[in-house]
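First up is the structure itself, then whatever we jot down about it.
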Amino acid sequence: MRTSGERCSSKSWITSTQVKNNKLETLEEANTIAVMALDPNKIRADFPILDQEVNGYPLVYLDNGASSQKPKAVIDTISKYYEHEHSNIHRGVHTLSGKATEKYELVRGKVRKLINAAHEHEIIFTRGTTESINLLASSLGRSAISEGDEIIVSELEHHSNIVPWQLLCEKSGAKLKVIPVDDNGNLELGAYDELLNDKTRIVSVAHVSNTLGTVLPLKEIVEKAHDQGALVVIDGAQAVPHMSVDVQDLNCDFYCFSSHKMFGPTGVGVLYGKEDLLNELPPYHGGGNMISRVTFEKTEYNELPHKFEAGTPNIAGGMGLGAAIDYIEALGYENIEAYERDLLSYALQKLKGIEGLRLIGEPEEQACVISFLLGEHHPSDVGAILDRQGIAVRTGHHCTQPLMDRYGIAGTVRASFSFYNTKEEVDILVAGIEKARSMLG
Ligand code: 7TS
């Protein structure tokens, strides 16, 4: 596990620790405190949106799986960019454009470091996880897939990691195979072994389930796929906000995630791919920036990463993503993971104490995401009563309809936590559910 505390000095939560406690004189001391414990109350002060009332109650935001909130550092970075720094990038000779280009490219380096990719040019900026997976399905579809080939996904995938592969199968005549999930929400790895064969070209699975919180045993999945000569795509949308990711250690071929779920802005995301594979793949969108020479007879493509980045990107979004990465690294994944582990076990223990509450999935390894049903009540009725108490959860199928079919249910109530959530908020959730139970009868 990699952590970084070296940027702590610029973070208000640690700065305020230093100011409030005169004994803390050096950054090293402040870092030690950070490693020992992450204080959500200090962190919450960095997220202005959390400090408000909804329906007359203090907001309890437990819909981080859909999108996380943004620290002031991210918001300020975007404002500053538009107030002082905006220009198009990779184009003009003028100073402002040069500076914007330099700063945007620095973010690519931050992403590389965050997921420990070998090279900066293995980081492709996209609009989000959905676009990253569609890019792969399109480019792999035109270069590596033909009739009779097989693509494996799992039963717990988000629609974003199902439909692009189905579209590819429709077009190419390839077959989609599905790794089943057991009652607890774990993948049935024995069945995976049986699905794999020399026709398998791609295995595309989530790192963390957005509905059940299951953390998938990726190393085993990757190794077995590689033994059959298949490529492995990881949908990391729900992992990066919670845990340290090392793409070289995982040895996956591609890894996708979204900025807006990891405290950055919407409309920007990442596709990581191994250099040699990205070099082999044909481009996705055509347009400016992705070319080196255009004639009507033939176009030559730009080198990585630009080959996959046609048109003007979400520059401000990229800057905001850079600030989000700085923020995460200042907290340190080790601290985030330890804090969320504790919060998850507290929440599970409290929720299990509620009469009539049924957890959907109790996976062996779980991120801070919990799905449940309350008696026979419709999830949206429970969600609406919680909302009236200022508690934001998501209800429904969570874009995982096949997984809902697997459990024979239409949807769940989902509480998805982040490092700024507290045990007090878990208690408020529990009281809110008890109230829903008594109101719904
Ligand atoms: N993959 C997973 C595992 C996800 O959870 C999501 C979004 C996506 C892909 C798509 O990400 P996007 O940023 O491209 O939209 N998940 C959810 C969710 O659980 N609730 O709302 C969106």
- Message: If residue 386 meets every condition in (1) in a helix (DSSP H, G or I); (2) closer than 25 Å to residue 55 by Cα; (3) open to solvent by 30 Å² or more (accessible area, probe 1.4 Å) apart from one, which number is that one?
- Response: (3)
- Message: I'm trying to understand the selection: among the residues of region 187-216, which are open to solvent by 50 Å² or more (accessible area, probe 1.4 Å), part of a loop (DSSP other than H, G, I, E, B) and more than 24 Å from residue 373 (Cα to Cα)?
- Response: 198, 199
- Message: Being out of contact with any His (no Cβ under 9 Å at 6 or more places or on another chain) and in a strand (DSSP E or B) is the filter here; which residues of region 285-337 pass it?
- Response: 293, 294, 299, 300, 301
- Message: Being in a loop (DSSP other than H, G, I, E, B) and outside the structural domain of residue 159 (by TED's automatic domain parsing): is that true of residue 409 here?
- Response: yes
- Query: For region 109-137, what are the residues that are within 15 Å of the ligand (Cβ to nearest atom) and among the polar types (S, T, N, Q)?
  - Reply: 126, 129, 130, 132, 134
- Task: Can you tell me which residue within region 52-66, out of those that are surrounded by 17 or more Cβ atoms within 10 Å (Cβ to Cβ) and within 16 Å of the ligand (Cβ to nearest atom), is nearest to the chain's Cα centre (by Cα)?
- Result: 65
- Go through region 138-163 and give me each residue that's open to solvent by 10 Å² or more (accessible area, probe 1.4 Å), assigned to a helix (DSSP H, G or I) and touching a residue at least 24 places away in the same chain (Cβ under 8 Å). 138, 141, 142, 143, 159, 160
- Item | Output for region 203-249, where each listed residue is more than 16 Å from the ligand (Cβ to nearest atom) and hydrophobic (A, V, I, L, M, F, W, C) | 222, 225, 230, 231, 247
- Message: The conditions are (1) at pLDDT 50 or above; (2) outside any helix (DSSP H, G or I), and residue 24 fails exactly one of them. Which is it?
- Response: (1)
- Query: How many residues does region 145-177 contain that are more than 16 Å from the ligand (Cβ to nearest atom) and over 17 Å from residue 234 (Cβ atoms)?
  - Reply: 16
- Taking residue 347 and the conditions (1) open to solvent by 30 Å² or more (accessible area, probe 1.4 Å); (2) assigned to a helix (DSSP H, G or I); (3) not acidic (Asp, Glu), which numbered condition does it fall short on, given that it satisfies the others? (1)
- Message: Kindly evaluate residue 111 against the criterion of being open to solvent by 50 Å² or more (accessible area, probe 1.4 Å) and among the β-branched types (Val, Ile, Thr).
- Response: no
- Single residue of 179, 202 found to be more than 19 Å from the chain's Cα centre (by Cα), within 30 Å of residue 395 (Cβ to Cβ) and hydrophobic (A, V, I, L, M, F, W, C): 179
- Item | Filtered residues of region 227-277 (kept if open to solvent by less than 30 Å² (accessible area, probe 1.4 Å), in contact (Cβ under 8 Å) with a residue 40 or more places away in the chain and part of a strand (DSSP E or B)) | 233, 235, 254, 255, 256, 257, 258, 269, 270, 271, 272, 273
- Item | From the options 60, 107, residue that is outside the structural domain of residue 209 (by TED's automatic domain parsing), touching a residue at least 12 places away in the same chain (Cβ under 8 Å) and within 23 Å of residue 328 (Cβ to Cβ) | 60
- Task: Return only the number of the condition from (1) surrounded by fewer than 24 Cβ atoms within 10 Å (Cβ to Cβ); (2) free of Cβ contacts under 8 Å to residues at least 40 places away in the same chain; (3) not in a helix (DSSP H, G or I) that residue 282 does not satisfy.
- Result: (2)
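The values are calculated or read from the model by the stated rules, or taken from the named source; none is laboratory data. Nothing here was measured: the structure is a model prediction, and the numbers come from that model. Glycine gets a Cβ as well: all are built from the backbone with ideal geometry, and neighbour counts include every protein chain shown. Ligands, DNA and RNA are excluded from the accessible area calculation, which covers all protein heavy atoms including side chains. Shrake-Rupley method; radii C 1.70, N 1.55, O 1.52, S 1.80 Å.
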